[in-house]
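Notes follow once the structure below has been shown.
Where a number appears in this text, it was derived from the coordinates with a stated rule and is not lab data. Because the structure is a prediction, the values reported are computed rather than measured. Every residue, glycine among them, receives a Cβ derived from its backbone with ideal geometry; neighbour counts consider all protein chains shown.
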Amino acid sequence: MPKSYPDIDRRILGEAYGSAETLENVTTLCDDYDSRWPGSGDDKASCEYMAGRLEAYGLEDVHLEKFTIPGWIRGPSTITVLEPRRKEIPCIGLPMTAGGVVEAELVDIGDGAVDVYEKGKSEIEGKIVLVNSAQPPTMARYLHRSERYQRSVLAGAAGWIFMTHYPAYGPPTGGISPIIPGVGVSYEDGTYLARVLRRKGRVKLRLDVSCKNLQVDTWNVVADLPGETKGETVVYGAHYEGHDIAVGALDDATGAAVVMEIARILAKEKRMRRGMRFILFGAEEIGLYGSRAYVHDHPGEVEATRFMMNFDAAGRYGKQGFNLHGWPQLEPFFREITAAIGPDVPLWQGVSPYSDHWPFFLRGVPTAGMGDPEENKRLGGRGFGHTRYDTVDKVNLRAMRECAANAAIAAVRIANADDWPVTLRPQEEVEAYVQAQGFKETVELGEKLKAYLNKRRKSLKPEARDYLDRLTGGWEEVI
Ligand SMILES: [Zn+2]
């Protein structure tokens, strides 16, 4: 059981609520460095800004760690309806998409639940697929955009149109693989296309996507609060970059700001038994590259990670509870934490592969996130995330204060506990857990895709061939 720390808790709450530092940092990241998109030039400057703040808070060994990734730069994209009636539809290229022109008939697969691709293969083959972003009500697990894209590719799609299910949010963005051209369209334009197809029976489109797929350098920011003992550490992390069409205020300047705030608050306390490491990851959105680079470059330290907490979109409304990633043995420990914070703090279990905890999770590290499961249900998706409206005005200071305070109260107990109830999970158990969560078929998609592309290697575009060459089929490659 964790000890109680009433004095530290009060100081944490006082610091969190007595300061607007999180909102200051979100505002600076978004207004002064735009999206911090990898390769934009502003990403390094934003890392230097965050490193400067962390040093000023008293963190130690603050530094940038460079890594190189397959990056992507947006060009203009268009959809032209050729038949039955000519019309231009506004759209945006989805990050990492292949460029090129495709002329084909449209097929509408609705929410793209996993069973439509095999059944509808003859319908999908050679066509431009229209799919919306709603979570299929027939599926228990979360269905990510990239899975809908990859399954469309495997069914033989020639092009891909991703439509948001939110009215008045504009076209959505989100990373895909560079195989067939993929674009985002608004709810209104997507429903128009679906309606014309339904009424007239046939729609022919031209999809024209221009973009650049190229290698770029980007960075993680790493900072330490040393503990009384060496070895085991507690890691708090968030990705700092946003999508290039917006400033990524909620997703994920808020996460970066909350991680920095926890660091600021805990740097004022005396050393805890174990050290803490704070990591601001680059390039999460197009393939978890920052967290993968960190896990790859720090194998010993990852093995010595007692616990990793990830913050993706920490400024959302709702309660600020704890989402344990499949660690029932940690529940009694966290029940004590939530009891110390307040009786209505949610605590639940479950994991998805789509953020920076995942490479740690796959190494067996106990990981968690924060948020509110009821709020997630109510929102039914990303909200303003991945749209150009993910801006500073949407950010909620109260939610960030509460998130940082709750996370810091937990951190004190996690870093000081001598009777920590879990250890690194063995690889077989990681695999069994992923399977039990229903994500086995998701993580195996990479292997299927690799086999599919290998068969067609000669006819692939250069960016798709490069993609194939770097695909290992590993479980980290879910986006
Ligand atoms: Zn995110």
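In table form, for the structure just shown:
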item	result
Beta bridges per DSSP with both ends in the chain, % antiparallel, nearest 5	55
Calculated from backbone phi, Karplus (6.51, -1.76, 1.60) coupling profile of the stretch 210-223 in Hz, x at Gly/Pro	10, 5, 10, 9, 8, 6, 9, 8, 8, 9, 9, 10, 10, 8
Global form of the stretch 1-54, assessed from the alpha-carbon gyration tensor, a/c cut-off 1.5	prolate
Of all DSSP beta bridges in the stretch 73-214, antiparallel share, percent nearest 5	60
Calculated FRET efficiency for the pair Q349/E269, C-beta based, R₀ 45 Å, to 0.05	0.95
Among V216, P137, M276 - extreme Cα towards positive end, dipole of the chain, charges at beta-carbon	P137
Residues K461, K230, sorted so that the one with the fewest Cβ neighbours within 10 Å comes first	K230, K461
Cβ-based exposure ranking for T68, T78, T305, in which fewest neighbours within 10 Å come first	T68, T78, T305
Debye log10 I(q)/I(0) for the stretch 308-389, one point scatterer per Cα, at q = 0.24 Å⁻¹	-1.25
Qualifying GluC sites (Glu not before Pro) in the stretch 167-252, DSSP loop, other Cβ atoms within 10 Å at most 14	E228
For peptides 266-272, 251-257, sequence by mean Cβ density within 10 Å, most packed first	251-257, 266-272
Gyration tensor verdict on the stretch 332-428 (Cα atoms; rounded if a/c is under 1.5, prolate if a/b is larger than b/c, oblate otherwise)	oblate
Alpha-carbon centroid distance for the pair the stretch 126-154 / the stretch 248-285, whole angstrom	33
Per-pair calculated FRET efficiency, R0 = 22 Å: E303 and A432 via Cβ, rounded to 0.05	0.65
Between helix 440-455 and the chain: long-axis angle, C-alpha atoms, 0 to 90°, nearest 10	50
Calculated over the stretch 73-214: convex hull of Cα atoms, volume per residue (Å³)	99
Computed label-point distance, nm, for sites E336 and E228 using a 7 Å Cα→Cβ extension	1.6
Cα centroid separation, the stretch 319-393 to the stretch 29-84 (Å)	24
Relative contact order, percent, the chain [alpha-carbon distance under 8 Å, six or more residues apart]	20
Mean Cβ count within 10 Å, highest first, over the residues of peptides 90-102, 213-225	90-102, 213-225
For peptides 7-14, 173-180, sequence by mean Cβ density within 10 Å, most packed first	173-180, 7-14
The chain, Cα convex hull volume normalised per residue, Å³	129
Taking F67, F360, F311 and counting other C-beta atoms within 10 Å, the order from fewest to most	F67, F360, F311
